[in-house]
1. Within the stretch 1-111, considering only helices (runs of 4 or more DSSP H) that don't extend past its boundaries, which have at least 3 residues that are closer than 19 Å to Ala164 by Cα, more than 20 Å from the chain's Cα centre (by Cα) and at pLDDT below 50?
2. Quick check on Leu185: is it assigned to a helix (DSSP H, G or I) and either among the basic types (Lys, Arg) or crowded, with 22+ Cβ neighbours inside 10 Å (or both)?
3. For Gln114, only one of the following conditions fails: (1) touching an Asp or Glu at 6+ places or on another chain (Cβ under 8 Å); (2) more than 23 Å from Ser221 (Cα to Cα). What is its number?
4. Would you confirm whether any residue within the stretch 192-208 is assigned to a loop (DSSP other than H, G, I, E, B) and either surrounded by 23 or more Cβ atoms within 10 Å (Cβ to Cβ) or on the phi < 0 side of the Ramachandran plot (or both)?
5. Any chance the stretch 237-258 includes a residue that's modelled with pLDDT of 85 or more and crowded, with 22+ Cβ neighbours inside 10 Å?
6. Hey, Thr167 hits all of (1) under 20 Å from Thr261 (Cβ atoms); (2) buried (at least 17 other Cβ atoms within 10 Å of the Cβ) but one; which does it fall short on?
7. Give me a count of the residues in the stretch 116-135 that are part of a helix (DSSP H, G or I) and exposed (fewer than 12 other Cβ atoms within 10 Å of the Cβ).
8. List, please: which pairs have Cβ atoms under 9 Å, are six or more places apart or on different chains, and start with a residue in the stretch 83-99 that is of a type outside the set (S, T, N, Q) and end with one that is not in a helix (DSSP H, G or I)?
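The values are calculated or read from the model by the stated rules, or taken from the named source; none is laboratory data. The shown structure was predicted, so the numbers you read here are calculated from the model rather than taken from an experiment. Ideal geometry is used to build each Cβ from the backbone, glycine not excepted, and the neighbour counts take in all protein chains shown.
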Amino acid sequence: MVGIAVGLLVMVTLFVGVNSYFGRWNFGRLRARPYGENLNTHLVRLTQQQAIICRAPPASALHWGIIGSVGAAVENSGFLMLSRWIVFSTFQAFLLPILTLSFATDAIGQEREQRTLIWLFTRPLPRWSIYLGKWVAALPWCLGLNIGGFAAICYAGGEPGRFAFRTYWPAVVAGTLAFSALFHLTAALFRRPAIVALLYSFFFETLVGDLPGDLKRLSISFYIRSLMYAATEGMNITPDALTVYAPVRPTVAWAVLLTSTVVLTLVGMWIFSRHEYEDE
(Lines give C-alpha, C1' and ligand atoms only; values in the text may rest on other atoms or scores of the structure.)
Protein backbone atom coordinates (compact mmCIF):
# COMPACT_ATOMS: atom_id res chain seq x y z
CA MET A 1 0.00 0.00 0.00
CA VAL A 2 2.83 2.40 0.71
CA GLY A 3 4.25 1.81 -2.76
CA ILE A 4 0.87 2.37 -4.40
CA ALA A 5 0.26 5.53 -2.36
CA VAL A 6 3.67 6.96 -3.19
CA GLY A 7 3.16 6.10 -6.86
CA LEU A 8 -0.15 7.99 -6.94
CA LEU A 9 1.50 10.89 -5.16
CA VAL A 10 4.28 11.05 -7.74
CA MET A 11 1.76 10.98 -10.60
CA VAL A 12 -0.24 13.88 -9.16
CA THR A 13 2.94 15.86 -8.47
CA LEU A 14 4.11 15.39 -12.04
CA PHE A 15 0.69 16.42 -13.36
CA VAL A 16 0.75 19.62 -11.30
CA GLY A 17 4.34 20.32 -12.31
CA VAL A 18 3.54 19.97 -16.02
CA ASN A 19 0.59 22.34 -15.70
CA SER A 20 2.77 24.75 -13.74
CA TYR A 21 5.41 24.62 -16.47
CA PHE A 22 2.82 25.71 -19.03
CA GLY A 23 1.61 28.53 -16.76
CA ARG A 24 -1.81 27.18 -15.85
CA TRP A 25 -1.64 27.95 -12.13
CA ASN A 26 -0.78 31.66 -12.24
CA PHE A 27 -2.35 35.01 -12.96
CA GLY A 28 -0.94 35.14 -16.47
CA ARG A 29 -4.28 33.91 -17.82
CA LEU A 30 -6.07 37.03 -16.56
CA ARG A 31 -6.57 39.98 -18.87
CA ALA A 32 -5.65 42.68 -16.39
CA ARG A 33 -2.58 41.46 -14.52
CA PRO A 34 -0.84 43.78 -12.02
CA TYR A 35 2.76 43.30 -13.19
CA GLY A 36 5.41 43.19 -10.53
CA GLU A 37 3.07 41.81 -7.85
CA ASN A 38 3.24 38.39 -6.32
CA LEU A 39 0.26 36.22 -5.45
CA ASN A 40 -0.14 37.41 -1.88
CA THR A 41 -0.03 41.09 -2.86
CA HIS A 42 -2.56 40.53 -5.60
CA LEU A 43 -5.00 38.70 -3.33
CA VAL A 44 -4.68 41.37 -0.66
CA ARG A 45 -5.29 44.13 -3.22
CA LEU A 46 -8.37 42.36 -4.57
CA THR A 47 -9.74 42.01 -1.04
CA GLN A 48 -9.05 45.68 -0.27
CA GLN A 49 -10.77 46.72 -3.44
CA GLN A 50 -13.85 44.74 -2.49
CA ALA A 51 -13.88 46.27 1.00
CA ILE A 52 -13.59 49.81 -0.35
CA ILE A 53 -16.30 49.23 -2.92
CA CYS A 54 -18.69 47.68 -0.41
CA ARG A 55 -18.32 50.70 1.93
CA ALA A 56 -19.05 53.14 -0.86
CA PRO A 57 -22.69 54.13 -1.59
CA PRO A 58 -24.11 52.30 -4.62
CA ALA A 59 -24.61 55.46 -6.66
CA SER A 60 -24.53 53.74 -10.04
CA ALA A 61 -24.19 50.40 -11.77
CA LEU A 62 -20.46 51.09 -12.09
CA HIS A 63 -19.93 50.00 -8.51
CA TRP A 64 -21.51 46.62 -9.16
CA GLY A 65 -19.57 46.25 -12.37
CA ILE A 66 -16.31 46.75 -10.48
CA ILE A 67 -17.39 44.26 -7.82
CA GLY A 68 -18.16 41.73 -10.53
CA SER A 69 -14.78 42.22 -12.19
CA VAL A 70 -12.94 41.77 -8.88
CA GLY A 71 -14.92 38.61 -8.14
CA ALA A 72 -14.17 37.28 -11.62
CA ALA A 73 -10.45 37.91 -11.12
CA VAL A 74 -10.46 35.93 -7.90
CA GLU A 75 -12.69 33.26 -9.45
CA ASN A 76 -10.15 32.61 -12.24
CA SER A 77 -7.02 32.95 -10.12
CA GLY A 78 -4.42 30.23 -10.15
CA PHE A 79 -4.83 29.72 -6.42
CA LEU A 80 -8.53 28.97 -6.82
CA MET A 81 -7.97 26.68 -9.81
CA LEU A 82 -5.33 24.74 -7.91
CA SER A 83 -7.59 24.56 -4.86
CA ARG A 84 -10.57 23.22 -6.74
CA TRP A 85 -8.94 20.69 -9.03
CA ILE A 86 -5.94 19.54 -6.98
CA VAL A 87 -6.36 20.31 -3.28
CA PHE A 88 -10.08 19.55 -2.93
CA SER A 89 -10.93 17.10 -5.71
CA THR A 90 -7.66 15.13 -5.74
CA PHE A 91 -5.64 15.44 -2.55
CA GLN A 92 -8.21 16.02 0.17
CA ALA A 93 -10.90 13.70 -1.19
CA PHE A 94 -8.69 10.92 -2.54
CA LEU A 95 -4.99 11.02 -1.73
CA LEU A 96 -5.20 12.05 1.93
CA PRO A 97 -7.09 8.92 3.10
CA ILE A 98 -5.05 6.67 0.79
CA LEU A 99 -1.73 8.00 2.07
CA THR A 100 -2.90 7.72 5.67
CA LEU A 101 -4.22 4.16 5.50
CA SER A 102 -0.99 2.94 3.90
CA PHE A 103 0.73 3.27 7.29
CA ALA A 104 -2.21 3.33 9.74
CA THR A 105 -3.60 -0.06 8.74
CA ASP A 106 -0.18 -1.68 8.62
CA ALA A 107 0.78 -1.18 12.26
CA ILE A 108 -1.55 -3.96 13.46
CA GLY A 109 -2.55 -5.38 10.08
CA GLN A 110 0.95 -6.62 9.39
CA GLU A 111 1.03 -8.42 12.73
CA ARG A 112 -2.27 -10.13 11.89
CA GLU A 113 -1.17 -11.15 8.41
CA GLN A 114 2.11 -12.54 9.70
CA ARG A 115 0.30 -14.24 12.60
CA THR A 116 2.58 -12.72 15.24
CA LEU A 117 -0.07 -11.16 17.49
CA ILE A 118 -0.05 -14.13 19.86
CA TRP A 119 3.69 -13.68 20.40
CA LEU A 120 3.11 -9.97 20.92
CA PHE A 121 0.49 -10.68 23.59
CA THR A 122 3.03 -12.70 25.58
CA ARG A 123 4.98 -9.54 26.32
CA PRO A 124 4.48 -8.11 29.85
CA LEU A 125 2.41 -5.22 28.54
CA PRO A 126 -1.32 -4.53 28.68
CA ARG A 127 -3.04 -4.86 25.33
CA TRP A 128 -4.30 -1.30 25.29
CA SER A 129 -0.75 0.00 25.62
CA ILE A 130 0.33 -2.12 22.63
CA TYR A 131 -2.51 -0.66 20.56
CA LEU A 132 -1.71 2.89 21.65
CA GLY A 133 2.01 2.44 21.15
CA LYS A 134 1.58 1.16 17.62
CA TRP A 135 -0.69 4.10 16.72
CA VAL A 136 1.77 6.61 18.19
CA ALA A 137 4.59 4.91 16.25
CA ALA A 138 2.66 5.02 12.96
CA LEU A 139 1.42 8.61 13.38
CA PRO A 140 4.72 10.36 12.48
CA TRP A 141 4.92 8.31 9.29
CA CYS A 142 1.35 9.27 8.38
CA LEU A 143 2.00 12.95 9.11
CA GLY A 144 5.32 12.93 7.28
CA LEU A 145 3.89 11.29 4.18
CA ASN A 146 0.81 13.52 4.09
CA ILE A 147 2.51 16.83 4.84
CA GLY A 148 5.51 16.00 2.68
CA GLY A 149 3.32 14.79 -0.17
CA PHE A 150 1.06 17.82 0.08
CA ALA A 151 4.09 20.10 0.07
CA ALA A 152 5.51 18.35 -3.01
CA ILE A 153 2.22 18.75 -4.89
CA CYS A 154 1.77 22.38 -3.87
CA TYR A 155 5.34 23.48 -4.55
CA ALA A 156 5.15 21.82 -7.95
CA GLY A 157 2.34 24.30 -8.65
CA GLY A 158 4.59 27.32 -8.36
CA GLU A 159 3.56 30.46 -6.49
CA PRO A 160 -0.16 29.58 -6.22
CA GLY A 161 0.82 26.17 -4.86
CA ARG A 162 3.13 27.65 -2.22
CA PHE A 163 0.30 29.93 -1.14
CA ALA A 164 -2.07 26.95 -1.06
CA PHE A 165 0.32 24.98 1.17
CA ARG A 166 0.59 27.82 3.69
CA THR A 167 -3.20 28.12 3.68
CA TYR A 168 -4.28 24.49 3.94
CA TRP A 169 -1.59 22.57 5.83
CA PRO A 170 -3.31 22.80 9.28
CA ALA A 171 -6.40 21.12 7.80
CA VAL A 172 -4.17 18.34 6.41
CA VAL A 173 -2.70 17.76 9.87
CA ALA A 174 -6.14 17.60 11.50
CA GLY A 175 -7.42 15.22 8.84
CA THR A 176 -4.38 12.97 9.22
CA LEU A 177 -5.01 12.61 12.95
CA ALA A 178 -8.64 11.59 12.46
CA PHE A 179 -8.00 9.28 9.51
CA SER A 180 -5.09 7.54 11.21
CA ALA A 181 -7.18 6.84 14.32
CA LEU A 182 -10.02 5.48 12.17
CA PHE A 183 -7.84 3.23 10.02
CA HIS A 184 -5.88 1.98 13.03
CA LEU A 185 -9.21 0.94 14.55
CA THR A 186 -10.07 -0.77 11.26
CA ALA A 187 -6.92 -2.86 11.59
CA ALA A 188 -8.05 -4.03 15.03
CA LEU A 189 -11.47 -5.05 13.70
CA PHE A 190 -10.76 -6.68 10.34
CA ARG A 191 -8.24 -9.23 9.09
CA ARG A 192 -7.78 -7.30 5.80
CA PRO A 193 -7.93 -3.71 7.05
CA ALA A 194 -6.41 -2.13 3.95
CA ILE A 195 -9.22 -3.46 1.74
CA VAL A 196 -11.90 -2.28 4.17
CA ALA A 197 -10.24 1.14 4.47
CA LEU A 198 -10.03 1.46 0.68
CA LEU A 199 -13.72 0.64 0.29
CA TYR A 200 -14.57 3.18 2.97
CA SER A 201 -12.43 5.86 1.34
CA PHE A 202 -13.85 5.32 -2.15
CA PHE A 203 -17.53 4.76 -1.39
CA PHE A 204 -18.07 6.91 1.67
CA GLU A 205 -15.51 9.68 1.89
CA THR A 206 -15.35 10.30 -1.88
CA LEU A 207 -19.00 9.81 -2.85
CA VAL A 208 -21.06 10.63 0.23
CA GLY A 209 -18.77 13.48 1.22
CA ASP A 210 -19.72 15.43 -1.92
CA LEU A 211 -23.49 14.86 -1.85
CA PRO A 212 -25.92 17.65 -0.85
CA GLY A 213 -27.63 17.29 2.50
CA ASP A 214 -26.52 16.41 6.00
CA LEU A 215 -25.25 12.89 5.33
CA LYS A 216 -21.82 14.30 4.49
CA ARG A 217 -21.48 15.44 8.10
CA LEU A 218 -20.71 11.83 8.99
CA SER A 219 -17.54 11.93 6.87
CA ILE A 220 -14.14 13.14 8.01
CA SER A 221 -13.53 14.86 4.69
CA PHE A 222 -16.43 17.25 5.32
CA TYR A 223 -14.72 18.75 8.35
CA ILE A 224 -11.33 18.86 6.65
CA ARG A 225 -12.82 20.81 3.78
CA SER A 226 -14.65 23.08 6.23
CA LEU A 227 -11.27 24.01 7.71
CA MET A 228 -9.94 24.69 4.24
CA TYR A 229 -12.88 26.95 3.42
CA ALA A 230 -12.42 28.78 6.71
CA ALA A 231 -8.74 29.36 5.91
CA THR A 232 -9.74 31.34 2.79
CA GLU A 233 -12.68 33.17 4.32
CA GLY A 234 -10.56 36.11 5.47
CA MET A 235 -9.53 36.76 1.86
CA ASN A 236 -13.14 36.80 0.59
CA ILE A 237 -12.34 33.80 -1.58
CA THR A 238 -14.99 31.14 -2.09
CA PRO A 239 -13.28 27.93 -3.24
CA ASP A 240 -16.54 26.13 -4.06
CA ALA A 241 -20.32 26.42 -3.95
CA LEU A 242 -20.71 27.10 -0.24
CA THR A 243 -24.50 27.39 -0.51
CA VAL A 244 -24.59 23.71 -1.50
CA TYR A 245 -21.73 22.47 0.66
CA ALA A 246 -22.64 24.53 3.80
CA PRO A 247 -19.44 24.01 5.83
CA VAL A 248 -19.39 24.28 9.61
CA ARG A 249 -17.44 26.86 11.58
CA PRO A 250 -13.69 26.16 12.03
CA THR A 251 -14.09 25.75 15.79
CA VAL A 252 -16.72 23.06 15.20
CA ALA A 253 -14.56 21.34 12.58
CA TRP A 254 -11.51 21.30 14.86
CA ALA A 255 -13.62 20.01 17.77
CA VAL A 256 -15.12 17.20 15.67
CA LEU A 257 -11.80 16.09 14.18
CA LEU A 258 -9.88 16.13 17.46
CA THR A 259 -12.73 14.53 19.39
CA SER A 260 -13.06 11.84 16.73
CA THR A 261 -9.33 11.13 17.02
CA VAL A 262 -9.54 10.67 20.78
CA VAL A 263 -12.79 8.67 20.74
CA LEU A 264 -11.69 6.34 17.93
CA THR A 265 -8.39 5.72 19.70
CA LEU A 266 -10.11 4.92 22.99
CA VAL A 267 -12.59 2.61 21.27
CA GLY A 268 -9.74 0.86 19.50
CA MET A 269 -7.87 0.37 22.77
CA TRP A 270 -10.98 -1.14 24.35
CA ILE A 271 -11.69 -3.48 21.41
CA PHE A 272 -8.05 -4.56 21.09
CA SER A 273 -7.94 -5.41 24.80
CA ARG A 274 -11.00 -7.65 24.67
CA HIS A 275 -11.08 -9.16 21.20
CA GLU A 276 -9.88 -12.74 20.82
CA TYR A 277 -7.42 -12.95 17.93
CA GLU A 278 -7.36 -16.71 17.39
CA ASP A 279 -4.56 -18.20 15.30
CA GLU A 280 -2.96 -14.79 14.89
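1. On the way: elements: 2-21, 39-55, 61-75, 78-82, 96-104.
Result: 39-55, 61-75.
2. Values: assigned to a helix (DSSP H, G or I): yes; either among the basic types (Lys, Arg) or crowded, with 22+ Cβ neighbours inside 10 Å (or both): yes.
Answer is yes for this residue.
3. Going through (1) touching an Asp or Glu at 6+ places or on another chain (Cβ under 8 Å); (2) more than 23 Å from Ser221 (Cα to Cα) one by one, Gln114 breaks only (1).
4. Initially, the stretch 192-208 is screened for residues assigned to a loop (DSSP other than H, G, I, E, B), giving 192.
Among the residues that remain, those that are also either surrounded by 23 or more Cβ atoms within 10 Å (Cβ to Cβ) or on the phi < 0 side of the Ramachandran plot (or both) are: 192.
Checked against the condition, which is being assigned to a loop (DSSP other than H, G, I, E, B) and either surrounded by 23 or more Cβ atoms within 10 Å (Cβ to Cβ) or on the phi < 0 side of the Ramachandran plot (or both), the stretch 192-208 yields at least one hit.
5. Scanning the stretch 237-258, I find at least one residue that is modelled with pLDDT of 85 or more and crowded, with 22+ Cβ neighbours inside 10 Å, so the answer is yes.
6. Status for Thr167: all satisfied but (1).
7. So the answer is 1.
8. Close Cβ pairs satisfying both conditions: Arg84/Pro239; Arg84/Asp240; Ile86/Trp25; Ile86/Gly157; Val87/Pro239; Phe88/Pro239; Phe88/Asp240; Ile98/Met1.
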